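Novice: This is the structure I have questions about; it appears just below.
The values are calculated or read from the model by the stated rules, or taken from the named source; none is laboratory data. Predicted model, so just to flag it, every value in this text is computed and none were measured. Cβ placement follows ideal geometry from the backbone for every residue including glycine, while neighbour counts extend to all protein chains displayed.
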Amino acid sequence: MRIIWLVNILLPEAAAIIGRKALPYGGWLISASEDVAADMNVELAIICPLTSGGNLVSGSVTGHPFTVVEGQNKRFYLYPSDNDKVKLNDAARFSIEKIINDFKPDIVHVFGSEFPHSLVMTELCKEKEITCIVSIQGLVSIYATHYLPGLPVNVQRRYTFRDLVRRDNLLHQKKVFAERGENEVKTLRNAGHLIGRTEWDRTCSSLIVPEAEYHFCNETLRGIFYQKEWDIEACERNSIFISSAILPLKGVHFMLEALKIILKEFPDARLYISGPDVTGVNGIRNKLKVTSYGKYLNELISDNGLRTSVVFTGLLNEEDMCGQYLKSNVFVCPSSLENSPNSLGEAMILGVPCVASFTGGIPDMLENGSEGFLYQHDAPYMLAGHVCKILRDEDLSVRLSRNARKRALRTHDRNVNSKRLLEIYSGIIKTQGDI
């Protein structure tokens, strides 16, 4: 089987070959690609975008608008990308078509339905009559309606200096999500096959494109998370961890409201947020770059006296991220909508006690009361109550930890998931041969 994957980041293996610094994203793709490429019946190629002005790197194939590098058991095709979230430029479209012609795949597997390159790829596959599978990560066409949960109208409408310069306030960001959602709907309609893993993505995709064939396959997580295990004796007591504060739909403002309540019982509680400090409090340059959402978070922190209780960790690589989970007393996923967040899966497989919003596909991942706690996403008092329940009860913490880890080891079993993915590929090819 000749399989092409189309992904939205430069994978670390390819980055290392061409001398680029790898970003700490998409680690689950590395694990899954290693498992698929190890199968002797598969020839795997992975198409990755190459940003920074769209310049090709040394070693590009003469006469071709892309770069080919050979990895371990797999080939990487790198095409120049301007990283536009809504429209793919003509050069990138041309490159992707040339890559298809060069590799001649039996199946093209697109990861993520929301990217402009995903739409272009499904269009090309339709033209060339190549079987195309789209893996649903999230569905931005649905996310757009949940983008600004519980934010005051004045916060939604205002502009910071950064927003004015980039013409990009919160309402505009929601509009961009909706525009990406329009492309996503076209992408799903072009694809004959979809891969999902929750009742939420199955239901939503069936409403958008009922004629597509839906295949169930769970995701494999980053490798290091299978090797470690949380220990209550080794964690920082009364510490809370969340994985992102960039987008409003991640619900950090609700977490800050909950933290105000938590501090009444646990005054030494501390909230750790993965990623750079988005509040713009450190230095003039950061103040000029702050978004309206970051400014709102800063206002919540200041108005509620949370400054010493909130810590932004900075960008974390895979090992540091794992370490942050392990030292946390509780992991919280406060999003207004998620499909099946890998951050929750990573916390569960380590055994970190979890509290997550009852939204999207999350209820398929975690059973309320026995493996963690679920709550209504816009009810920070319930979030606070569940966190306090865990912080005050060691026996409960250990029980939740054990049950969540057991569940996640099944959900994210590498052997089972890679076998299932290969079954999907071979089943599709066999069906084509029978026609």
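Novice: Take the residues of the stretch 266-280 that are in a loop (DSSP other than H, G, I, E, B) and at pLDDT 95 or above: which is surrounded by the fewest Cβ atoms within 10 Å (Cβ to Cβ)? If you could, list the steps in order and put the result at the bottom.
Specialist: Narrowing the stretch 266-280 to residues in a loop (DSSP other than H, G, I, E, B): 266-269, 274, 276-280.
Narrowing further to those that are at pLDDT 95 or above: 266-269, 274.
On the way: Phe266: 18, Pro267: 9, Asp268: 11, Ala269: 20, Ser274: 21.
Checking each candidate, the answer is Pro267.
Novice: Of all residues in the stretch 126-136, count the ones that are surrounded by fewer than 21 Cβ atoms within 10 Å (Cβ to Cβ) and in contact (Cβ under 8 Å) with a residue 40 or more places away in the chain.
Specialist: Here the count works out to 2.
Novice: Within the stretch 28-76, take every residue that is over 19 Å from Lys104 (Cα atoms), hydrophobic (A, V, I, L, M, F, W, C) and under 26 Å from the mean Cα position of the chain (by Cα) and give me the one that is modelled with the lowest pLDDT.
Specialist: Of everything passing the filter in the stretch 28-76, Trp28 is modelled with the lowest pLDDT.
Novice: For the condition within 30 Å of Ala32 (Cα to Cα), crowded, with 22+ Cβ neighbours inside 10 Å and either touching a helix residue (DSSP H, G or I) at 6+ places or on another chain (Cβ under 8 Å) or in the same structural domain as Cys333 (by TED's automatic domain parsing) (or both), what is the one hit in Gly251, Gly223?
Specialist: Numbers: Gly223 fails: crowded, with 22+ Cβ neighbours inside 10 Å.
After applying the criteria, what remains is Gly251.
Residue-wise test of (1) of a type in the set (Gly, Ala, Ser); (2) in a helix (DSSP H, G or I); (3) touching a Cys at 6+ places or on another chain (Cβ under 9 Å); (4) in the same structural domain as Pro24 (by TED's automatic domain parsing).
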position: Cys322; (1), (2), (3), (4): no, yes, no, no
position: Ser328; (1), (2), (3), (4): yes, no, yes, no
position: Ser336; (1), (2), (3), (4): yes, no, no, no
position: Gly345; (1), (2), (3), (4): yes, yes, no, no
position: Ile349; (1), (2), (3), (4): no, yes, no, no
position: Ser370; (1), (2), (3), (4): yes, no, no, no
position: Leu374; (1), (2), (3), (4): no, no, no, no
position: Val387; (1), (2), (3), (4): no, yes, no, no
position: Leu391; (1), (2), (3), (4): no, yes, no, no
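Novice: Any idea which of Val355, Val310 is in contact (Cβ under 8 Å) with a residue 24 or more places away in the chain, assigned by TED's automatic domain parsing to the domain that holds Leu249 and under 26 Å from Asn282 (Cβ atoms)? Working first, answer last.
Specialist: Numbers: Val355 fails: under 26 Å from Asn282 (Cβ atoms).
Going through Val355, Val310 in turn, just one is in contact (Cβ under 8 Å) with a residue 24 or more places away in the chain, assigned by TED's automatic domain parsing to the domain that holds Leu249 and under 26 Å from Asn282 (Cβ atoms): Val310.
Novice: Ok, one more. Considering Ile390, Ile424, which residue is more than 22 Å from the chain's Cα centre (by Cα), under 26 Å from Glu236 (Cβ atoms) and modelled with pLDDT of 95 or more?
Specialist: Ile390
Novice: While we're looking at this one, here's another question. Mind checking which residues of the stretch 185-222 are in a helix (DSSP H, G or I) and in contact with a Leu (Cβ under 8 Å, 6 or more places away or on another chain)? If you could, list the steps in order and put the result at the bottom.
Specialist: At the first step, the residues of the stretch 185-222 found to be in a helix (DSSP H, G or I) are 185-190, 199-208.
Selection gives Lys186, Thr187, Leu188, Asn190, Asp201, Cys204, Ser205, Ile208.
Novice: Just to be sure, is Ser397 over 21 Å from the mean Cα position of the chain (by Cα), of a type in the set (Ser, Thr, Tyr) and either surrounded by fewer than 24 Cβ atoms within 10 Å (Cβ to Cβ) or at pLDDT 95 or above (or both)?
Specialist: yes
Novice: Pairs needed: first member in the stretch 249-265, outside any helix (DSSP H, G or I); second member anywhere, of a type in the set (S, T, N, Q); C-beta distance under 8 Å; at least 6 residues apart or different chains.
Specialist: Gly251/Ser335; Gly251/Ser336; Gly251/Ser357
Novice: Can you say whether Asn317 is within 19 Å of Leu409 (Cα to Cα), surrounded by fewer than 23 Cβ atoms within 10 Å (Cβ to Cβ) and not hydroxyl-bearing (Ser, Thr, Tyr), as far as the supplied structure shows?
Specialist: Here the answer is no, as Asn317 does not meet what is asked.
Novice: Hey, can you tell me all the residues within the stretch 77-97 that are outside any helix (DSSP H, G or I), modelled with pLDDT of 80 or more and under 21 Å from Glu184 (Cβ atoms)?
Specialist: Tyr79, Ser81
Novice: How about the stretch 281-318: which of its residues are assigned to a helix (DSSP H, G or I), over 18 Å from Phe254 (Cβ atoms) and under 22 Å from the mean Cα position of the chain (by Cα)? Give the derivation first.
Specialist: Taking the stretch 281-318 and keeping what is assigned to a helix (DSSP H, G or I), we get 284-289, 292-303, 307-309, 318.
Okay, now just the ones that are also over 18 Å from Phe254 (Cβ atoms), so 284-289, 307-308, 318.
Correct list: Glu318 only.
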